[in-house]
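The structure under discussion appears below in the form of structure tokens.
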Amino acid sequence: MRVSIFGTGYVGLVTGTCLAEVGHDVVCVDVDAGKIERLRQGVIPIYEPGLEPMVKANHAAGRLEFTTDGAHAVAHGEVVFIAVGTPPDEDGSADLQYVLEVARTIGEHMERPAIVVDKSTVPVGTAGRVSEAISSVLAGRGVDIAFDVVSNPEFLKEGAAVEDCMRPDRIVLGVDSAAAADKLKRLYAPFNRNHDRFVIMDVRSAELTKYAANAMLATKISFMNEISNIAERMGADVEMVRKGIGSDPRIGWHFIYPGAGYGGSCLPKDVQALARTAQQHGHQPLLLHAVEAVNERQKGHLHALIQRHYGDGGIAGKTFAVWGLAFKPDTDDMREASSRRLLAQLWESGARVRAYDPEATEEARRVFGEREDLVFCGSANEALDGADALVVVTEWKQFRSADLAQLRAQLADAVVFDGRNIYRPEDAEDAGLAYYGIGRGRSV
Ligand code: UGA
């Protein structure tokens, strides 16, 4: 099938590449000429496991084309995806200018019936607005061409995006016509293995499904962070509590890890946007506000633990090794990362930082700029050189196997602040380290 995809961000690039991988003929289009040129040369703008070889192979095979030419992309696609960004407006609602701009481009160049697919995360009702934008441009041109607008939200996770795209747990299609549903079912057939993964519904329900999924995930995390704060004060260990509740299948093991707060480009933005939409429609989203408030507070929790250890004014002049800057492992993404809050608070308290992240250093340089109280290190060990304490912010696998005795030997103050509970308090204490985890009251 001939497919065009507007937007070569995470969602657009991964979707386009995976569709090409299963044999479709894909054109990816972006307004960023530099990015398109680099993609043609096999330079991938993001770090995502498995993506680079797949882009290169499909590009070389002629199934994956990169262009800045919107007219060419519209002419090519029987199915045209909109996968451009929807950054938050000042008031937290999603900014639809890029989505609607693509809709107008589609209207300008459409010559035959097509299916337009909203893949970007967009508020309920956006498919209607995309449809109106296309129709009004078509009317201006004096032509009447039939088209469908489908909502097909994306559920891929950064760091596992290729895998999620090739093996989705569900494929949600919000459609107005049986013909559009059939066409998209054919497009996605190669991914629909083992059992039927299609969930077909009306357009608005599909749009809301996306927000409901991310808001539920954020709620689970904030809930566990709330429990971790209670555990900390009560001399309980939230890790035991987690094990104690996860075995109940109604609760489940996933997404109940307490930590330094959720970040990334999706959860924070989508909870905020859903709350905003609810308010605009006359509903006070009390739970969503609480989910956000708990997360805001949690992002400051590591610093609060550090302050508890060092006492008032005790942080000034100290040097902290910080392991992990990305908002989660296996990505170089720093958007809304908890490390940003921590570093700002450490600097505010007069501390210095020696930071190491396996993938996000370049991005972090861009975010933090050059400063004399920040040194980027080439390895986890190097970050420990001359450090007084260690803070783990992102749970990259390589940090899990750290030699605690060596940490004890290298850290002048022999203290570890474990923002993702990757070490066992008893192991750290046996090694002679003072240990602070999240919600681990017995060690505080
Ligand atoms: C999230 C959703 O998980 C995807 O299903 C969705 O498709 C995507 O947003 C999107 O809307 O595009 P992502 O932002 O890649 O994916 O990251 P997550 O894996 O959800 O992690 C988000 C944050 O939650 C991270 O900062 C992570 O450290 C934190 N987290 C996650 C916890 O603190 N505890 C947990 O138990 C799980």
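Any read-out appearing in this document is the output of simple, stated calculations on the displayed coordinates, not a laboratory observation. From a predicted model like this one, the values you see are computed outputs, not experimental measurements. With ideal geometry, Cβ positions are generated from the backbone for all residues, glycine too; neighbour counts draw on all protein chains shown.
Panel order for GLU348, GLU154, by other beta carbons found within 10 Å of each beta carbon, from fewest to most: GLU348, GLU154. Dipole magnitude for segment 223-443: computed about the Cα centre from +1 point charges on Lys and Arg Cβ and -1 point charges on Asp and Glu Cβ, it is near 580 debye. Straight-line reach from LYS318: taking Cα to Cα under 25 Å and skipping same-chain neighbours fewer than 8 places apart, the lysines in range are LYS299. Label-to-label distance, ILE251 versus GLU426, with points set 7 angstrom from Cα along the beta-carbon direction: 2.2 nm.
Pairs exceeding 20 Å between alpha-carbon atoms, taken from LYS119/LYS328; LYS35/LYS183; LYS35/LYS157; LYS210/LYS269; LYS119/LYS397: LYS119/LYS328; LYS35/LYS183; LYS35/LYS157; LYS119/LYS397.
Note that segment 174-181 has calculated 3J(HN,Hα) couplings of x, 10, 9, 9, 5, 5, 5, 4 Hz, one per residue in order, obtained from phi through the Karplus relation 6.51 cos²θ - 1.76 cosθ + 1.60 (θ = phi - 60°); glycine and proline are x. Amide H neighbours of VAL117 under 5 Å, counting only residues 5+ apart in sequence or on other chains, H built in-plane at 1.01 Å? Under 5 Å from the amide H of VAL117: VAL80, PHE81, ILE82, VAL150.
The charge dipole of the chain, taken about the Cα centre with unit charges on the Cβ atoms of Lys, Arg (+1) and Asp, Glu (-1), comes to about 720 debye, rounded to the nearest 20. Give the long-range amide H neighbours of ARG354: residues separated by 5 or more places, or on another chain, with amide H under 5 Å away, using H modelled in the peptide plane at 1.01 Å from N. When sequence neighbours closer than 5 places are left aside, the close amide H contacts are PHE320, ALA321, VAL322, VAL375.
Within the shell of other residues whose beta carbon sits under 13 angstrom from the beta carbon of PRO268, the net charge comes to +2, with Lys and Arg scored +1 and Asp and Glu -1.
Suppose the Debye formula is applied to equal point scatterers at every Cα of segment 223-443; what is log10 I(q)/I(0) at q = 0.09 Å⁻¹? Log-scaled intensity ratios, in q order: -0.36. The slack between ASP373 and GLN398, meaning 0.36 nm per residue of separation minus the straight C-alpha distance, is 6.5 nm.
Computed over neighbours whose Cβ is under 10 Å from that of VAL203, the net charge equals -4, Lys and Arg +1, Asp and Glu -1.
Within the P(r) computed for the chain, what percentage of the Cα pairs occupies the region above 30 Å? Cα-Cα pairs in the chain separated by more than 30 Å: 49 percent. Each listed q (0.19, 0.22 Å⁻¹) maps to a log10 I(q)/I(0) for segment 10-122, found by the Debye formula over equal Cα scatterers with no solvent: -1.04, -1.30.
With semi-axes defined as the square roots of five times the eigenvalues of the C-alpha gyration tensor, the equivalent ellipsoid of segment 2-201 measures 24, 20, 17 Å, largest first. What's the center-to-center distance, using Cα atoms, between segment 345-401 and segment 1-46 in Å? Here the answer is 33 Å between Cα centres.
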